[in-house]
Amino acid sequence: MSAMELREPDHVDEAVSGPAKAVRRFGRTPGFAQRVGLLLVITILVLFFGSARSAFYSQQLSVFPLLRDIATLTVVGLAQLAVLSIGHMNLAVGRMAAFSAMFMGLAYQDWHLPLYAGLLVGLLAGAAIGALTGWIITVTGVNSFVVTLAMDFVLLGLVSLVYSQFTTAAAFTAKPAGMDQLRNLSLGDLCAGQVCGSPAVPQLMLFALAAMGTVGYLYSRTRVGRELLLVGSNVTAAQLSGIPTSRRIVTAHAMSGALAALAGFMLAVTAGSFTADIGGDFMIPSFLGPVLGGTLLAGGAVSVVGTLLGTSLVQVIRQGLTMMGIGLESLNIYLGVILLVALSTDRVRDAISTRRTVASS
């Protein structure tokens with residue numbers, strides 16, 4: 001089974017009925033049909049927008065920036081997926097990206113660190129603020145919605161204060177060596193002998209693929225990943241099974257913070273500077289990608305590949321409507337409708353799953 005797909009614990013798999021086992025034998029997970037459906041819809045939309053506006057197929061004007069946005073927002077979706085897996089949510093995902101990017105800006109401008117050393121500083125900052133959030137949730141017992149909303153306001157004030165104190169143009173503008181190349185170069189600039197990648201695929205996509213591979217491996221191949229899913233399925237049962245639920249909650253939020261930091265870095269590279277408003281538009285995309293892709297809001301089931309496909313669907317729609325002259329206000333209406341449909345679909349899936357569980361018991 002691919003590392004990108006959810007793999008249930010062995011004791012759960014033993015209880016699965018014969019038909020379900022047969023499906024798994026052919027490599028089809030429960031969300032397989034949904035992912036195929038998403039891929040089909042994306043293909044149809046690409047053909048439609050391409051026929052309506054031939055510029056939609058332009059590598060430099062359309063495809064390259066589209067894939068760059070998909071890469072960044074897929075990582076944002078994975079940041080939300082990490083906490084959705086335990087039945088939580090992170091309303092501060094965008095602000096955590098800004099908080100981490102702030103440390104990267106300091107690392108480059110004041111500490112004169114190289115590109116990837118500064119990225120490491122930001123990842124550690126993101127993991128730390130995420131872990132702190134998870135710790136507060138476990139200690140206080142307050143719902144993650146309330147805690148992350150409060151954290152969002154705290155980080156908003158903190159980030160604004162730091163930028164006002166340490167910058168003159170409300171941005172860290174120092175660019176370490178390699179930052180501009182990472183922003184503009186494609187896989188076509190990476191060659192192994194005579195074989196080069198596609199000039200339409202940005203190098204930033206490699207970061208998204210690395211994040212997908214890591215998250216997919218964690219949930220499908222490691223004990224920690226399986227325990228996170230069990231906490232999301234039933235926290236009481238997880239506790240009775242001896243799973244350290246408090247530690248797993250902190251782990252999920254730390255992972256969410258680290259992934260938000262990576263997304264903040266990718267957005268800063270795209271923009272060319274580290275500013276206080278990085279991540280300001282991450283909220284809705286962070287939910288759209290995972291939920292459209294098959295990750296349950298109630299926890300216990302995730303889809304890494306689905307997150308990529310869900311994010312791609314939204315960005316293809318955004319890019320296509322923009323090229324057809326649809327205004328920003330209308331775009332936001334369409335995205336809001338998509339989110340409502342996604343949430344309704346998630347609720348329907350949860351209800352069907354619950355009925356099947358009751359029927360089989």
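The values are calculated or read from the model by the stated rules, or taken from the named source; none is laboratory data. Quick caveat: nothing in here was measured; it's all calculated off a predicted structure. Don't worry about glycine lacking a Cβ; one is built from the backbone with ideal geometry, like all the others, and counts go over all protein chains shown. All accessible areas refer to the heavy atoms of the entire protein, side chains included, with ligands and DNA or RNA removed. Shrake-Rupley method; radii C 1.70, N 1.55, O 1.52, S 1.80 Å.
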Margin query: Among the residues of the stretch 102-121, are any under 17 Å from the mean Cα position of the chain (by Cα) and within 19 Å of MET151 (Cβ to Cβ)?
Written below: no
Checklist line | Matching residues, the stretch 105-121, being within 19 Å of ASP277 (Cα to Cα) and touching a Pro at 6+ places or on another chain (Cβ under 6 Å) | finding: TYR108
Next item on the list: State all residues of the stretch 270-296 that are over 26 Å from GLN181 (Cβ atoms), open to solvent by less than 10 Å² (accessible area, probe 1.4 Å) and not hydroxyl-bearing (Ser, Thr, Tyr); if no residue qualifies, say none.
Entry: LEU288, GLY289, PRO290, VAL291, GLY293
Next item on the list: Could you list, in sequence order, all residues of the stretch 204-244 that are open to solvent by 10 Å² or more (accessible area, probe 1.4 Å) and hydroxyl-bearing (Ser, Thr, Tyr)?
Entry: THR214, TYR217, THR222, SER233, THR236, SER241
Next item on the list: Could you figure out which of (1) surrounded by fewer than 16 Cβ atoms within 10 Å (Cβ to Cβ); (2) farther than 22 Å from LEU296 by Cβ; (3) under 23 Å from the mean Cα position of the chain (by Cα) isn't true of GLY178?
Entry: (3)
Check: Does ASP110 count as among the charged types (D, E, K, R) and more than 30 Å from GLN239 (Cβ to Cβ)?
Finding: yes
Next item on the list: Kindly establish whether GLY94 is crowded, with 23+ Cβ neighbours inside 10 Å, within 14 Å of the chain's Cα centre (by Cα) and touching a residue at least 24 places away in the same chain (Cβ under 8 Å).
Entry: yes
Item checked: Residues that are within 22 Å of ALA98 (Cβ to Cβ) and open to solvent by 30 Å² or more (accessible area, probe 1.4 Å), drawn from the stretch 247-262 -> VAL250, MET255
Check: With GLN80, GLN109 as the choices, which residue is of a type in the set (S, T, N, Q) and open to solvent by 10 Å² or more (accessible area, probe 1.4 Å)?
Finding: GLN109
Item checked: Sole residue being under 29 Å from THR251 (Cα atoms), more than 21 Å from the chain's Cα centre (by Cα) and open to solvent by 70 Å² or more (accessible area, probe 1.4 Å), chosen from VAL195, VAL159, VAL139 -> VAL139
Item checked: Which listed residue, of LEU267, LEU309, is under 24 Å from THR167 (Cα atoms), in a helix (DSSP H, G or I) and open to solvent by 10 Å² or more (accessible area, probe 1.4 Å) -> LEU267
Check: Taking interchain pairs and intrachain pairs at least six residues apart, which have beta carbon atoms under 7 angstrom, with the first residue in the stretch 41-61 and surrounded by fewer than 16 Cβ atoms within 10 Å (Cβ to Cβ) and the second modelled with pLDDT under 90?
Finding: ALA52/MET324; ALA55/LEU61; ALA55/MET323
Notebook entry, point to check: Within the stretch 137-178, how many residues turn out to be part of a helix (DSSP H, G or I), free of Cβ contacts under 8 Å to residues at least 12 places away in the same chain and either touching a Lys or Arg at 6+ places or on another chain (Cβ under 8 Å) or among the hydrophobic types (A, V, I, L, M, F, W, C) (or both)?
Noted result: 6
